[in-house]
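Chemist: Structure provided below as structure tokens; questions to follow.
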Amino acid sequence: MLISEAAGFLASSEGRRNPYPAYAALRAHGPVVRLGANFYAATGYDAINALLRDPRLRVMGWPEGPASRLIAASLLKANGAEHIRVRRLTAVAFSPGRVEALREAITVEATKLAAYLACLGGSGEVVDLMDEFAYPLPIRVICALLGLPAAEQQWLRERAHELTEVLEPRPPGEHTVAADRAAIELESYFNDQVRRRRGMRGDDLTGALIATHDAGGGLSSRELISNLVSLLLAGFETTANLIGNGMGVLLDHPGLASRLAADSSLADAYVEELLRLESPLQLTSRWATEEVDIDGADRIEANSHVMVFLGAGNRDPGRFPDPDRFDPFRRSVQPLSFGAGAHYCLGAALARLEARVALPLLLARFPAMVRGGEAVRRDRSTFRGYANLPIFTGG
Ligand code: HEM
């Protein structure tokens, strides 16, 4: 397949639902290929790993539309000293110790949701695993972390979901109505939270960030709101997809699923392989501020946009033999799913913990679970996940 054909396929609905053949076709031309003037695609594991760690490549936000502007003011789109300053203020909440302390609470929530699933599917009804488990678990966890009211979780889930559209590749100048509306509503919601909580002590992350802002700790009002929204956004859509994609793979590999059900100490290895095989975030992007040369790849010209296909790097046969096969016993997986370098996912430990708890718990609780119909994938390039995943719980 020509480079232009592969790129065209990736931009089609079919390509978004199954991008892997097009990734392989692009990679066959080299780990980084030129798609057009000042426009490149990176699909090789080593090249992506190197590009994400290279300070000559920067993140960039767009100034067009409320949704883009909101994300542009968050640490996701900050560079250099500004990025380090904001990341340091937020990172405390995600230290390994703080995250591990959430294990008990995550297990309690996952157990409650599994009990509810058992009620819904107890008489042989088809249940949507995304709606009833994969989304509710991470939204409850991130809302607890941010100290947001349980009654508002559904509303927040819908708004954050609409806002994710802003992270999809689209032609310059085009922005989405739903994402912009969601951005305005979320901004107003978090402004209201900040007003109501000001001066109150709060142990949660929202309270901590408000206190930092009010104490002149180096966080502007705009950054405060933008980072709260970004944490909500980053915190659950991706994790819901990790759980959903993971269960999809496990339902298709019942033998390997029953091994995990019987031995939850395998969860770490299973989750790494599931992250690799079906990366919940397939793509990110960078701007090269100067010319960048990478071994064996097309030279990236200065002032170029590079699409970084994490999901393609994760299936690079040069790094992972037989890359399309689910093999939870691979050694040293180190998927690119959480990125690499300065912007490495702040919530990686939390997302891993949620999946490590949820997957064996579901499999052990429902050993006879099977698919209950055809699952539908979301028509998205950046976020890979199911719109619904019908199952029979089997009791
Ligand atoms: C399976 C779940 C998740 C995946 C696959 C994922 C993936 C990623 C990736 C690839 C990046 C880097 C983007 C880039 O380099 O351009 C990132 C950054 C980030 N993620 Fe996650 N993420 C997940 C869960 C979470 C959770 C649970 C949180 C927080 C509660 C979170 C918060 C963040 C933040 C704040 C950043 C920006 C870090 C920075 O720019 O310094 N993520 N994530």
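Chemist: Could you sort 7-18, 323-334 so that the peptide with the highest average Cβ count within 10 Å comes first and the rest follow in order? It would help to have the intermediate numbers written out before the result.
Modeler: Working: 7-18: 15.5, 323-334: 13.8.
In decreasing order of mean packing, 7-18, 323-334 become 7-18, 323-334.
Chemist: Let me ask something else. For the range 205-212, what does the Karplus curve 6.51 cos²θ - 1.76 cosθ + 1.60, with θ = phi - 60°, yield as ³J(HN,Hα) per residue in whole Hz, taken in order and with x for Gly and Pro?
Modeler: 5, 4, x, 5, 6, 5, 4, 5
Chemist: Can you work out the FRET efficiency for the pair residue 258 and residue 155, with r the C-beta to C-beta distance and R0 = 30 Å, to the nearest 0.05? It would help to have the intermediate numbers written out before the result.
Modeler: Details: r = 38 Å, r/R0 = 1.28.
It comes out at approximately 0.20.
Chemist: A further question follows. Could you report the range 3-392's accessible area per residue, 1.4 Å probe, as an integer in Å²? Before the final figure, lay out the partial values.
Modeler: On the way: 16260 Å² over 390 residues.
Here the residues of the range 3-392 average 42 Å² of exposed surface.
Chemist: Could I ask something else about it? Could you give the length gained on full extension between residue 371 and residue 4, defined as 0.36 nm per residue of separation minus the Cα-Cα distance, in nm? Working shown, then result.
Modeler: Details: separation 367, 0.36 × 367 = 132.12 nm, distance 3.65 nm.
Separation in residues times 0.36 nm, less the Cα-Cα distance, equals 128.5 nm.
Chemist: Could you check the simple spin-label distance between residue 302 and residue 123, using points 7 Å along Cα→Cβ, in nm with one decimal?
Modeler: So the label points at residue 302 and residue 123 sit 7.1 nm apart.
Chemist: Let me ask something additional. May I ask you to derive the FRET efficiency for residue 177 and residue 287 from their Cβ-Cβ distance with R0 = 35 Å, giving the value to the nearest 0.05?
Modeler: Working: r = 26 Å, r/R0 = 0.76.
That pair, residue 177 with residue 287, gives E of 0.85.
Chemist: Based on the Cβ-Cβ distance of residue 364 and residue 212, what FRET efficiency does E = 1/(1 + (r/R0)^6) give at R0 = 56 Å, to the nearest 0.05?
Modeler: Details: r = 41 Å, r/R0 = 0.73.
After rounding to 0.05, the efficiency reads 0.85.
Chemist: Just to be sure I understand: of the beta bridges DSSP finds with both ends in the chain, what percent are antiparallel, rounded to 5?
Modeler: On the way: 20 of 24 bridges.
Once the DSSP bridges in the chain are tallied, antiparallel ones form about 85 percent.
Chemist: For residue 305, what accessible area in Å² do you get when you roll a 1.4 Å probe over the heavy atoms of the protein chains, rounding to the nearest 10?
Modeler: Estimated to the nearest 10 Å², residue 305 gives 40 Å².
Chemist: Report the relative contact order of the range 191-334, percent, no decimals, based on alpha-carbon pairs under 8 angstrom and at least 6 residues apart.
Modeler: Values: 130 pairs, mean separation 26.0, N = 144.
Reported relative contact order: 18 percent.
Chemist: Ok, one more. Just how far, in whole angstrom, is the range 1-76 from the range 137-162 if you go by their alpha carbon centroids?
Modeler: 29
Chemist: Right, here's the next one. GNM on the chain, C-alpha springs below 10 Å: top fluctuator among 278, 185, 162?
Modeler: Of 278, 185, 162, the most mobile in the Gaussian network model is 185.
Chemist: State the extension gain, in nm to one decimal, for the chain segment bounded by residue 38 and residue 112, taking 0.36 nm per residue of separation less the distance between their alpha-carbons. All intermediate terms of the calculation are to be shown ahead of the outcome.
Modeler: On the way: separation 74, 0.36 × 74 = 26.64 nm, distance 5.07 nm.
Result for the pair: 21.6 nm of gain on full extension.
Chemist: Pairs of alpha-carbon atoms within less than 8 angstrom and 6+ residues apart define the contacts here; what relative contact order does the chain have, in percent?
Modeler: Numbers: 646 pairs, mean separation 107.9, N = 395.
Dividing the mean separation by the residue count of the chain yields 27 percent.
Chemist: A further question on this structure: Rank 116, 344 by accessible area, highest first, at a 1.4 Å probe radius?
Modeler: On the way: 116 115, 344 75 Å².
Largest to smallest exposure gives the sequence 116, 344.
Chemist: Measure off, as a whole percent, the carbon and sulfur share of the 1.4 Å-probe accessible area of the chain, all protein chains present. Before the final figure, lay out the partial values.
Modeler: Details: 8990 of 16590 Å².
Carbon plus sulfur share of accessible area: 54 percent.
Chemist: Same structure again: Extension gain residue 13-residue 81, at 0.36 nm per residue separation less the Cα-Cα distance, in nm?
Modeler: On the way: separation 68, 0.36 × 68 = 24.48 nm, distance 3.90 nm.
That pair, residue 13 and residue 81, stretches by 20.6 nm at full extension.
Chemist: Moving to a separate point now. Through the Karplus equation 6.51 cos²θ - 1.76 cosθ + 1.60, θ set to phi - 60°, convert the phi angles of the range 119-126 into ³J(HN,Hα) values in whole Hz; use x for Gly and Pro.
Modeler: 5, 4, x, x, 9, x, 6, 6
The values are calculated or read from the model by the stated rules, or taken from the named source; none is laboratory data. These figures come from a predicted structure and were not determined experimentally. Every residue, glycine among them, receives a Cβ derived from its backbone with ideal geometry; neighbour counts consider all protein chains shown. Please note that ligands, DNA and RNA were not included when accessible areas were found on the heavy atoms of the full protein model with its side chains. Shrake-Rupley method; radii C 1.70, N 1.55, O 1.52, S 1.80 Å.
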